[in-house]
Structures are given as structure tokens and as C-alpha cells.
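Each reported figure results from applying straightforward, stated rules to the coordinates on display, with no laboratory input. If you're wondering where the values come from, they're calculated on a predicted model, not measured in any experiment. So basically every Cβ, Gly included, is an ideal-geometry build from the backbone, and we count neighbours across all protein chains shown.
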Amino acid sequence: MPDPSDLSIRAIATGGTIDKVYFDATSSYEIGDPQIGVLLHEANVTFAYEVESVLRKDSLELDAADRALIRARVEAAPEKRILITHGTDSMTETAAALEGIEGKTIVFTGSMLPARFRQNDALFNVGCAIGGLQVLPPGVYIAMNGQLFPAGTVRKNREAKRFESTE
């Protein structure tokens, strides 16, 4: 297990529900500023982290070019531990697009409700992802609903509003 004093994380924000904001005037939700920095600050974490906003899109709007951009940003990051906040609808597809990156532990997470809502799953999912970054070997993973899944072994069950293993 890595020494916690050596822990340095790059958080890459891509949009999704975790970053959504409600606009009263239009009665709609739009992607706002990345919430990962706010969540880490409020959690009073003691490790170094950088937040990089790469996209501000609903994950259903992501395409191959967006996934290539995310992959390029992960590959270029100096950190070995990468947390990616992402919309839940296509998180598994983007995770698959990042497989094969050598020497980095990459954990995707998001939330079913905006982080700005009083009741949400964002902080819990982020905490699970941070724990995974500290103990998992290099590879690509998804942290949702209190579980860590290797990429390619998980699906979103929309009816049950949770992620579950495909194995």
C-alpha cells in the first residue's frame, strides 16, 4: 500500500450530474463548475490534489473525441493516481476507453443526484474512490454505491438506480 504522505491525486472533472446546478429561471439543470474541489475541501483531506476541468457535458453527450481528450489528459498528468468525476450514464464506456494506460490507478465516480443537493451520494462515492486510489493497483476502476469495480465488469442498473457487477 502506498505511503499516505506520498498521496497526490489529479481530479479530472468531465461534467455529469455531480456538477449539475438548478436554474430557477428556466426550471432546468445545467452543468456548473466542478464540485470535486469543493467536496475535497469540505472533507478536509490532507493529501495534495489538483483539479482539472476537462469537459462540462452530460455523459450522454460524450463522443469518441471527448473520450480521446480525457485519455490524453490522463496520460499527460504527472500524478499516478487519477480521480475522474463523470456522468453515470456513459461512465462505463469512458472507463473502457482508458484501459491500457500504464502505471496509473484511475478511478471514475459520479453521483445520481447533484453534489449541491443536501441529500446526495456524491461525497460518499468520492470517498470510496479516494480509498480505492490509495489501495488499488494500476488499472481502471469505477467507484459507485459503496463498491469498487474493475472497468469492464460493471453496469448501471437504471431501474434500481445503482451500479452492479456483470460477473
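Here are the numbers:
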quantity	calculated
Residue 68-residue 28 pseudo-label distance in nm [points 7 Å out on the Cα-to-Cβ vector]	2.9 nm
Most fluctuating residue given options 112, 144, 91, as computed from a GNM of the chain linking Cα atoms under 10 Å	112
Close Lys-Lys pairs in the chain, where close means Cα under 26 Å and separation is 8 or more or interchain	9
Whole-angstrom gap from segment 49-82 to segment 109-167, using each part's C-alpha centre	17 Å
Dipole magnitude of the chain about its Cα centre (Cβ charges: Lys, Arg +1; Asp, Glu -1), debye to nearest 20	200 debye
Crossing angle, helix 122-135 versus the chain [Cα axis fit, 0-90 degrees, rounded to tens]	10 degrees
Share, in percent, of DSSP beta bridges within the chain that are antiparallel, nearest 5	35 percent
Diffusion coefficient, µm² s⁻¹, Stokes-Einstein with Kirkwood Rh over alpha-carbon pairs of segment 70-149 at 37 °C and 0.692 mPa s	259 µm²/s
